[in-house]
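Here's the structure we're looking at; comments come further down.
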Amino acid sequence: MTDIVDQPSPATVPFDACIVTTDRLVLRPLTIDEATAAHSDFALAKKVVKYLRWEVRDHDDEQSEGRVSKRLVTTSRITAKGDGLAWAVEFKKADGSQGGEIGDVALFAKSIRNAQFEIGWVFHPAIHGRGLATEATKAVFDLAFGQLGAHRVYAELDARNEASARLCGIHGMRQEALLKEREIVDGEWHDVAIYAITAAEWAARA
């Protein structure tokens, strides 16, 4: 008798942006107006953007106009490689509505066939230490593995970004690689760390 082996399957697309709620937070899809504006102080503060590598918060380089345009077409639906979703993270009020943005989380499709996704985040430093970043990103991991059919989710970090590395560890992500001096930022070579977790690893944590 031959054992039955689960067959790999591609990601579930198309997938439309949706509101995601947690005990304390509401994650709502970003609007086009928000996507074209530097709307939050935390998004522009140097100590927050210093280590950011993902597309939706790169406002300061010569390609920012093109990347903002990309953000406009990748915040509402995932249909193909390169598409993505971006959420504004806000506190949940007593009546269930949202108020007060504390960060953003984004998820990009890197391969539909292989169900590979990249996650990125930015949070206001004032909320650190309260578990809110963990709560928000866990909700996106749950969506990626539970609804999108992701097989692997990974994050690329500036290797000096200790806060994000800790958050990766909290979620059980493994450091898969350290790419020495991969990028020049502000005239200096930067190392890039890659963290990842598979669907089986995420399910085992439940």
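Things worth noting here:
- Other residues within the sphere of radius under 12 Å centred on the Cβ of residue 27, judged by their own Cβ, net out at -1 (K and R +1, D and E -1).
- Residue order for 189, 121 - accessible surface, 1.4 angstrom probe, largest first: 189, 121
- Summarising the amide proton neighbourhood of residue 112: residues at separation of 5 or more, or on other chains, whose placed amide H is nearer than 5 Å comprise 81.
- Listed peptides 112-118, 18-24 by packing density, highest first (mean Cβ within 10 Å): 112-118, 18-24
- Region 66-206 shape via C-alpha gyration tensor axes, a/c threshold 1.5: rounded
- Distance between the 7 Å Cα→Cβ label points at residue 175 and residue 142: 2.9 nm.
- The phi-based Karplus calculation (6.51 cos²θ - 1.76 cosθ + 1.60; θ = phi - 60°) puts the 3J(HN,Hα) values of region 164-177 at 5, 4, 5, 5, 4, x, 4, 8, x, 6, 8, 7, 8, 7 Hz, whole numbers, x for Gly and Pro.
- Gyration tensor (alpha-carbon) shape descriptor, region 99-141, a/c threshold 1.5: prolate
- The modelled label-to-label distance for the pair residue 188/residue 94, using points 7 Å beyond Cα in the direction of Cβ, is 4.7 nm.
- A Förster radius of 22 Å combined with the Cβ-Cβ distance from residue 200 to residue 81 puts the calculated FRET efficiency at roughly 0.45.
- Positive contributions from Lys and Arg (+1) and negative ones from Asp and Glu (-1), summed over other residues with Cβ under 11 Å from the Cβ of residue 202, come out at +1.
The values are calculated or read from the model by the stated rules, or taken from the named source; none is laboratory data. As the structure is a prediction and not an experimental result, all values here were calculated from the model. When we count neighbours, we look across all protein chains shown, and the Cβ atoms used for this are built from the backbone with ideal geometry, even at glycine. To get the accessible areas, we keep the full protein, side chains included, count just its heavy atoms, and leave off ligands, DNA and RNA. Shrake-Rupley method; radii C 1.70, N 1.55, O 1.52, S 1.80 Å.
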